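Report on one structure; see the data block that follows.
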Amino acid sequence: MSGKQYVVIGLGRFGTSVAETLYKLGNDVLALDSDEDVIQDISDKVTHAVQADCTDENSLNALGIKNFDVAVISIGSNMQSSVMATLLAKELGVKHIIAKANNKLHAKVLYKIGADRVIFPERDMGVRVAHNLVSSNILDYIELSSEYSIAEIASPKEWHGKSLVELNVRSRYGINIMAIKKGSYIDISPSAEDMIEEGDIIVAIGSIEDINKLENIIK
């Protein structure tokens, strides 16, 4: 399995969503939680799932989390555990730390102790965060249902100077282009002759599977 290595600490609804989506996108995912039932539920949907006390330095060290590219700390309502896990991930040398906050004060503390990015799950769905992490070309991602999603994509270099008919995205990638943003102008119903230029943002709709495939091609 190619891609980056992610450790997701805390498997509530948000953490589970992030972990499963990152794994589906072709990444190595270690999922950690103190609840054995939660670990059993996710074990076949990630690379490794381990029951662990994520506020214990020895446990995290033994799991080798310093070797992971990104840690997503998604511990629920227990602010102390969230802060402790974030602090330990930082001290153990995880390169990039994203932490979930419940309120502004919690966010402030997380930034102070070394979180690179703090997210509020009410505003950032787990799935969307996972897609943003995996591909810098994916600017936004909205899951419409269990089958379909919309993605905002920074136009890949290989598409520049080509028309929609040349790119033939529907048969090649299985997606439909709903709109093209060119600076402040938005073309809501692009024609087949419209050209994709550098700096354009494409708004595409497709099955989750097809959008995932596209991400792997353009990242």
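The values are calculated or read from the model by the stated rules, or taken from the named source; none is laboratory data. Small disclaimer: the values here were computed from a predicted structure and weren't measured. Counting neighbours? That spans all protein chains shown, and the Cβs are built from the backbone with ideal geometry, glycine included.
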field: In the range 176-212, the residues that are among the hydrophobic types (A, V, I, L, M, F, W, C) and either part of a strand (DSSP E or B) or at positive phi (or both)
entry: Ile177, Met178, Ala179, Ile180, Ile186, Met195, Ile196, Ile201, Ile202, Val203, Ala204, Ile205
Yes/no for Ala154 being farther than 30 Å from Leu87 by Cβ and in contact (Cβ under 8 Å) with a residue 40 or more places away in the chain: yes
message: Please determine whether any residue of the range 179-200 is within 21 Å of Leu133 (Cα to Cα) and at pLDDT 90 or above.
response: yes
task: Within the range 15-37, track down each residue that is closer than 15 Å to Ala71 by Cα and in contact with a strand residue (DSSP E or B) (Cβ under 6 Å, 6 or more places away or on another chain).
output: Gly15, Val18, Ala19, Leu22, Tyr23, Asn27, Asp28, Val29, Leu30, Ala31, Leu32
Sole exception among (1) outside the structural domain of Val83 (by TED's automatic domain parsing); (2) part of a helix (DSSP H, G or I); (3) closer than 28 Å to Ile75 by Cα; (4) not basic (Lys, Arg) for Ser149, by number: (2)
query: Do you know which residues across the range 7-61 are over 20 Å from the mean Cα position of the chain (by Cα) and among the acidic types (Asp, Glu)?
result: Asp35, Glu36, Asp37, Asp41, Asp53, Asp56, Glu57
